[in-house]
Amino acid sequence: MVDVRIAEDWKEILSAEFSKPYFEELVAFVKREYASGMVYPAGRNIFRAFDKCPFERLKVVIIGQDPYHGEGQANGLCFSVNEGVPFPPSLQNILKEVFDDVGKPVPASGELDRWAEQGVLLLNSVLTVRAQSAASHAGRGWEQFTDAVVRAIAERKQGVVYMLWGNYAQRKGAIADPTKNLILKAVHPSPLSAYRGFFGCRHFSATNAYLVSQGKEPIEW
């Protein structure tokens, strides 16, 4: 599984993780799952977040929880969906806030490659899921792996924006030093909570203002 597409700098940074016993067990489990039924995203896209946003270019971290488990939705980037797929509710709310915050019209496609390619790591905590079975691959080792990812970022980079939506993301991003980075927190963009503080959080303009203050290019949301 470690031969799937992943940027070379990430491959080097995470190489020690790939050889740990828990990860070897995780690989065996994921391979069995792909062999026995439908699993999302497609195998080649498991590490797509790391391939589209090399470590060297990383400026922003957005943390999701679980890949979408509906047909054709998950593509390896959190909150993103494949071209031509209807927007899930959380993505609708994210793009509504982008429009309200920075005036960027809601695009025709929910594929967020354009964000990733500008340095936004769209990281799910769990990188695979069984079709139509939410959180079916939770607790199998992915969380330990993605904790190591967040730790590597926190230890090796500063001046990063962490956009932490919901309690789960906030716990996972807690290792980041708020004196050396910008930590933005809000409720999750899900319809269950978006009206309690996601709408109006203005995280997208705040991110760009901070990046400019750090001498970096802002994100074209």
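If packing is taken as the average count of other Cβ atoms within 10 Å, what order do 163-169, 189-195, 44-50 fall into, highest mean first? Write out the running numbers ahead of the final one.
Values: 163-169: 20.3, 189-195: 15.9, 44-50: 22.3.
Packing proxy ranking, top to bottom: 44-50, 163-169, 189-195.
How long is the gain from residue 19 to residue 134 if the chain were fully straight, where each residue apart is worth 0.36 nm and the alpha carbon distance is subtracted?
Answer, rounded to one decimal: 38.6 nm.
Please give the length that would be gained between residue 174 and residue 4 if that part of the chain were fully extended, namely 0.36 nm times their separation in residues minus their C-alpha to C-alpha distance (nm, one decimal).
Values: separation 170, 0.36 × 170 = 61.20 nm, distance 2.90 nm.
Roughly 58.3 nm would be gained on extension.
With the full set of protein chains in place, find how many percent of the accessible area of the chain is carbon and sulfur; take the probe as 1.4 Å. Before the final figure, lay out each step's value.
Details: 5060 of 10010 Å².
Carbon and sulfur together cover 51 percent of it.
Which value, in debye to the nearest 20, describes the size of the charge dipole of the chain about its Cα centre when Lys and Arg Cβ atoms bear +1, Asp and Glu Cβ atoms bear -1, and nothing else is charged? Don't skip to the answer; put the middle values down first.
Working: 25 positive and 25 negative charges, 82 e Å.
Roughly 400 debye for the chain.
Between residue 100 and residue 202, what length in nm is gained on full extension when 0.36 nm per residue of separation is reduced by their alpha carbon distance? Before the final figure, lay out the partial values.
Numbers: separation 102, 0.36 × 102 = 36.72 nm, distance 0.82 nm.
Extending this stretch completely gives an extra 35.9 nm.
Greater than 30 Å separation of Cα atoms is the criterion. Which listed pairs, 11/104; 104/216; 31/104, meet it?
Details: 11/104 34 Å; 104/216 20 Å; 31/104 40 Å.
Table pairs above 30 Å Cα-Cα are 11/104; 31/104.
Could you give me the radius of gyration and the Dmax of the range 29-181, taking only the C-alpha atoms into account and expressing both in angstrom?
Radius of gyration, then largest Cα-Cα span, for the range 29-181: 15.2, 47 Å.
What three numbers, in Å, describe the spread of the alpha carbons of the range 113-190 along their principal axes, ordered from the longest?
Principal-axis extents of the Cα atoms in the range 113-190, largest first: 40, 25, 24 Å.
Based on DSSP H assignment, which helices of the chain show an axial Cα extent of at least 18 Å together with a mean Kyte-Doolittle hydropathy greater than or equal to -0.5? Display every interim value, and only then the final one.
Details: long enough: 21-36 (23 Å, -0.16); 89-102 (20 Å, -0.04); 142-156 (21 Å, -0.23).
TM-like helix candidates: 21-36, 89-102, 142-156.
Over all distinct alpha-carbon pairs, what is the Kirkwood Rh of the range 63-127 in angstrom?
Numbers: mean 1/r = 0.0827 Å⁻¹.
With all distinct Cα pairs of the range 63-127 included, I get 12.1 Å.
Calculate the spin-label point distance for residue 213 paired with residue 155, positioning each point 7 Å from the Cα along the beta-carbon direction, and give it in nanometres.
So the label points at residue 155 and residue 213 sit 2.8 nm apart.
The values are calculated or read from the model by the stated rules, or taken from the named source; none is laboratory data. Since we're looking at a predicted model, the values are computed, not measured. Because the Cβ atoms are built from the backbone with ideal geometry, glycine has one as well, and the counts that use them run over all protein chains shown. These accessible areas exclude ligands, DNA and RNA; they are computed on the full protein's heavy atoms, side chains included. Shrake-Rupley method; radii C 1.70, N 1.55, O 1.52, S 1.80 Å.
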